[in-house]
Amino acid sequence: MITVREIQSDDLNPQAFIEEQCRLISEQVGASKAVNALSGGVDSSVTTLLAHRALGSRLLTYFIDNGLMREGEPESVVLAMKDLGVPVKLVDAPREFFSALKGKTDPEEKRQAITDTFYKTVFGRLVKESGASHLLQGTIYTDVEETVAGIKRQHNILAQLGIDTEAAFGYKVIEPLIQLRKTGVRAVGQALGMPENMYHRPPFPGPALAARVIGEATPERIALVRKATVVVEEELSEIEAFQYMAILHEDRVTGIRHAKREYGFQIEIRCWDSRDAVTASPTRLTFELLRRMADRVTSEVPGVVSVTYNVTTKPPSTIEAV
Ligand code: XMP
């Protein structure tokens, strides 16, 4: 059962919400310090700005480089926050995440491995080193809903699954956006003075590119889907879609290149129209655009011989493949 009360975007007063959440954050953290997990997505960026407004230098913001991020993302996210006056520490942790993901092919096991590495190994250490009492994170209502319904174990859901974070990891978790859906979060971001390219960014999942590799997420397979993601994001950034992505399949297929057989990789492209990620439908892309993406992916991503476009709706599909 969900015990959180949703605030629908029509009922949201962003300024009043910001004031109320800043008050609550100050009250909960008291004279102590808090750490904050920034991923660069809309939710964690809005949480960062809210918490920075509430706590100032008592907030320590970390970007965890888990090795699963998109091309250039760690550096660009740190820079964008610096422009907004928020200092961010980049924590280098790819080895820890890849060793936890080693040999795992089951979607829920992969998600669990990322959760454990993030909260226990990495943040357990950071909280201890910093002497903080709280971790702030950008969980939203949709994340809770899907986890509680047993659809996907969203990596950031803890309390709603009955996990006592203080006993398990040594810190309390504050989730200021938990009553909002994406539309509400974007409105709060805008009211906080974020640049539009930040509050309008398409969502990106916590498990990052590991959610877009079917089967084992090895450094090599992540590197491959990262390259395909560059192409798909370049080609689709002007389309008014909710979210778009490249997915690396586990099965390989026979292809032909330079008159020789090539048993290669398959990339699936998804592009979604959606309001709040609860339901979604495939964007009607032109055939020319689809063909251009296929040409670019097969020529720019080594070893890819097949590109498909998903035309399923959610449900029964989900937005991410894992
Ligand atoms: P699905 O794949 O469940 O995704 O249809 C719904 C929305 O949630 C994002 N997503 C996540 N976000 N942690 C997050 O913060 C996660 O573990 C996670 N998994 C999926 C997904 O990108 C989509 O916008």
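Bear in mind these aren't lab numbers, they're just calculated from the coordinates by the rules spelled out. Not measured: the values here are computed from a predicted model. Every residue, glycine as well, gets a Cβ built from its backbone with ideal geometry; the counts of neighbours run over all protein chains shown.
For region 208-320, what mean projected area does the convex hull of the alpha carbons give, in nm²? Dividing the Cα hull surface by four gives the mean projection, 7.2 nm². Of all DSSP-defined beta bridges confined to the chain, some 40% are antiparallel rather than parallel.
In straight-distance terms, cross-link reach from LYS128 covers every one of the lysines whose alpha-carbon lies under 27 Å from its own, apart from those fewer than eight places away in the same chain; here that gives LYS33, LYS82, LYS89, LYS102, LYS110, LYS120, LYS172. Positive end of the dipole of region 146-279 (Cβ unit charges, origin at the Cα centre): among PRO202, VAL232, ILE256, the Cα lying farthest that way belongs to ILE256. Each residue, GLU19 and GLU238, gets one label point 7 Å from its Cα in the Cβ direction; the gap between the two is 4.3 nm.
Computed over the chain, the percent of Cα pairs more than 36 Å apart is 17. Taking packing as the residue-averaged number of other Cβ atoms within 10 angstrom, the listed peptides 278-291, 58-71 run from highest to lowest as 58-71, 278-291.
Highest-first packing order for the peptide set 9-15, 162-168 is 9-15, 162-168, based on the mean count of other beta carbon atoms within 10 Å.
About the centre of its Cα atoms, the chain shows a dipole size close to 580 debye [charges on the beta carbon of Lys, Arg (+1) and Asp, Glu (-1) only; nearest 20 debye]. Please turn the phi angles of region 210-215 into ³J(HN,Hα) values with the Karplus equation 6.51 cos²θ - 1.76 cosθ + 1.60 (θ = phi - 60°), one per residue in order, whole Hz, x for glycine and proline. Ordered by residue, 3J(HN,Hα) equals 5, 7, 10, 10, 7, x Hz.
When shorter helices are ignored and each DSSP H run of at least 4 residues is given -39500 (n - 2.57), the per-residue value for the chain at 222 nm works out to -11500 deg cm²/dmol. Remark: region 261-274, residue by residue, has Karplus-estimated 3J(HN,Hα) of 5, 9, 7, x, 8, 10, 10, 9, 9, 10, 9, 10, 9, 6 Hz, where x stands for each Gly or Pro and the curve is 6.51 cos²θ - 1.76 cosθ + 1.60 at θ = phi - 60°.
Which Cα, out of THR105, ILE151, GLY189, lies furthest along the positive dipole direction of the chain (beta carbon charges, K/R +1, D/E -1)? Toward the positive end, the furthest listed residue is THR105. With contacts taken as Cα pairs under 8 Å and at least 6 residues apart, region 177-280 reaches a relative contact order of 23 percent. The phi-based Karplus calculation (6.51 cos²θ - 1.76 cosθ + 1.60; θ = phi - 60°) puts the 3J(HN,Hα) values of region 95-112 at 4, 5, 6, 5, 6, 5, 8, 4, x, 8, 10, 6, x, 6, 5, 5, 4, 5 Hz, whole numbers, x for Gly and Pro.
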